[in-house]
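*Asks:* Take a look at the following structure, please.
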Amino acid sequence: LLQHHGGARVDIYEKLPVPFGLVRFGVAPDHPEVKNVINTFTQTARSERCAYYGNVTVGRDVTVAELQQAYHAVVLSYGAEDNRVLGIPGENLSGVYSARAFVGWYNGLPENRDLKPDLSCETALILGHGNVALDIARILLSPLHLLRKTDITDGSLAALACSKVKRVWLVGRRGPLQVAFTIKELREMINLPGVRPVLNPADFTGLENAIKDAPRPRKRLTELMIKTALEKPGDKTMEVQASAPREWGLKFQRSPQEVLPTADGRRARGVRMALTRLEGSGDSAKAVPTGDMEELDWGRVEGGPGLYPQGDAWDMSSAAGGPQPRAGLSLAALCARAGLYCSGWVKRGPTGVIITTMNDSFDTAQSVLEDLQVGVLDVSASREGFGAVESILRSRGVRPVSFSDWEKIDAAEVARGKAAGKPREKIVDPQEMLQLIGH
Ligand code: NAP
């Protein structure tokens, strides 16, 4: 918007004092290169026509309607806010964690800083075959010396240092041709030092033929799984890996039905799975229960960690009337007339990597500009922008955090990290952040 409209001003509101959302709190700490997009954000936020207001919860401190009064256009870009639940018995038992909370925990998301996941048994079960599942498996199994160089929080490093987990099963309800993770992440997992992949060759029988005409990324991904599964003792990598103290594997065609409690009913000890067969083929194949069941236990009576990484929920209802795909929907036209837009995961659901989301936001900006051009977006009357919101916030005792405030927090985090040889030590308590900037 700033680039393509010389008169546009953009104010960014954020619930937390600190910016960058999923780039700071979702991207794995051992993927620092992915976080380079922060430089683009920073450049944008430093523009004279852009302002950042952190520590403002939209819907509590200021309503969407109040923002609509203050601005010509409001773009909702708050991502996927909640966990997706499985809706099966036992999923609230202690020892079961949503991937969102687990990722938030190791990345210093304030609301998850006290998660204290139980890492006291040897096997962890991760439900789902997506990149988040691989991120979590990698963090659980990575050698500590590698994690110590990242911006993973001190608290989670300490917990991982005491972790007894040495085996991670990633369990999917469909087959090898339907895994949602990508080749780079799989390769990283296969090459993780001190960690052995355990793939069952039988799971991959006949797949070479099946992928002949598959799109190239699916073909290469499947070939890598097949190669890993079929590696024979004596292969160089195999020899190195055979002595690895930790291992991980993929289990297919198992759909979770119930999280099983320990005898005292207080903790999770395993998951009952329905074995499935696939109906249809390719990405759209459906997992249908065969009627057979299997119990996957993590082998300790008191229970242990089980993780649910099937992606964050996309709750359309949480922003009623706003987050709808634009194309072809009259609701979208209505929203545009009201100056209401959406972009990112709140619009499309939790799929795609950062570049996908960036492209999506460019599309949204394009829609705003087009609506402006054809007059759907009415800018004839001037709007006060932050001036109006500021009085509302003041009357409610809310003090926003500016981008230069964030830069002070940033400098403090970097200084704390330096002492420990890390790129930064994240401050996980919002109160501490606010104190640091004199709020
Ligand atoms: P995802 O890619 O959608 O994967 C979710 C996985 O959970 C799928 O295997 C899915 O199986 C399974 N699942 C969903 N509901 C289930 C249920 N009720 N029972 C059993 N299994 C279930 O989601 P994600 O891993 O959370 O990632 C979200 C997005 O962020 C993705 O686009 C991902 O690529 C991206 N991401 C990228 C990176 C990276 O580039 N390194 C890192 C993290 C995330 P079905 O396929 O059968 O539904």
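Computed from the coordinates by the stated procedures, all read-outs in this text should not be read as laboratory data. Please read all numbers here as calculations on a predicted model, not as lab measurements. We place every Cβ from the backbone using ideal geometry, glycine too, and count neighbours over all the protein chains shown.
*Asks:* Which FRET efficiency, nearest 0.05, do Gln366 and Gln69 yield, Cβ-Cβ r, R0 25 Å?
*Replies:* Given R0 = 25 Å and the Cβ-Cβ separation, E is 0.50.
*Asks:* On to the next question. Report relative contact order for the chain in percent, whole number only (criteria: Cα-Cα under 8 Å, sequence separation at least 6).
*Replies:* 24
*Asks:* Could I ask something else about it? Can you give the extra length, in nm with one decimal, that the chain gains between Glu188 and Gln373 once fully stretched, where that is 0.36 nm per residue apart less the Cα-Cα distance?
*Replies:* Stretched fully, the Glu188-Gln373 segment lengthens by 61.9 nm.
*Asks:* Would you compute, from DSSP H runs of 4+ residues alone, the mean residue ellipticity of the chain at 222 nm, taking -39500 (n - 2.57) per run and dividing by the full residue count, rounded to the nearest 500?
*Replies:* It comes out at -10000 deg cm²/dmol, rounded to the nearest 500.
*Asks:* Counting Lys and Arg as +1 and Asp and Glu as -1, each charge on the Cβ, what is the dipole of the chain about the Cα centre in debye, to the nearest 20?
*Replies:* It comes to approximately 740 debye.
*Asks:* Can you classify region 96-310 as rounded, prolate or oblate using the Cα gyration tensor, where a ≥ b ≥ c are the square roots of its eigenvalues, rounded means a/c under 1.5, and otherwise it's prolate if a/b beats b/c and oblate if not?
*Replies:* oblate
*Asks:* Taking only Cα atoms, what is the 0 to 90° angle, nearest 10, from helix 386-395's long axis to the longest principal axis of the chain?
*Replies:* 80
*Asks:* Starting from the Kirkwood Rh over alpha-carbon pairs, what translational D in µm² s⁻¹ does the chain have by Stokes-Einstein at 25 °C and 0.890 mPa s?
*Replies:* 103
*Asks:* For region 73-230, give the magnitude of the charge dipole about the Cα centre (Cβ charges: +1 Lys/Arg, -1 Asp/Glu; no others), in debye to the nearest 20.
*Replies:* It works out to roughly 600 debye.
*Asks:* OK, next. Among Pro193, Phe20, Ala65, whose Cα projects farthest towards the positive end of the dipole of the chain, with charges put on the beta-carbon of Lys, Arg (+1) and Asp, Glu (-1)?
*Replies:* Pro193
*Asks:* Sticking with this one: Between Arg220 and Ser243, what FRET efficiency comes out of the Förster formula 1/(1 + (r/R0)^6) with R0 = 30 Å and r the beta carbon distance, rounded to 0.05?
*Replies:* 0.60
*Asks:* Now, a different point. Put +1 on the Cβ of each Lys and Arg and -1 on the Cβ of each Asp and Glu in the chain; which of Gly7, Val103, Ser402 then has its Cα farthest toward the positive end of the dipole?
*Replies:* Val103
*Asks:* Give, as ranges by residue number, the residues of region 21-38 whose backbone N falls under 15 Å from the point 7 Å along Cα→Cβ of Val414.
*Replies:* Taking a point 7 Å out along Cα→Cβ of Val414, the residues of region 21-38 whose backbone N falls under 15 Å are 36-38.
*Asks:* Place the peptides 368-376, 95-103, 126-134 in order of packing, highest mean first, counting for every residue the other Cβ atoms within 10 Å and averaging per peptide.
*Replies:* So the peptides 368-376, 95-103, 126-134, ranked by packing, come out 126-134, 95-103, 368-376.
*Asks:* Please list 289-297, 168-176 highest first by mean number of surrounding beta-carbon atoms within 10 Å per residue.
*Replies:* Listed from highest to lowest mean packing, they are 168-176, 289-297.
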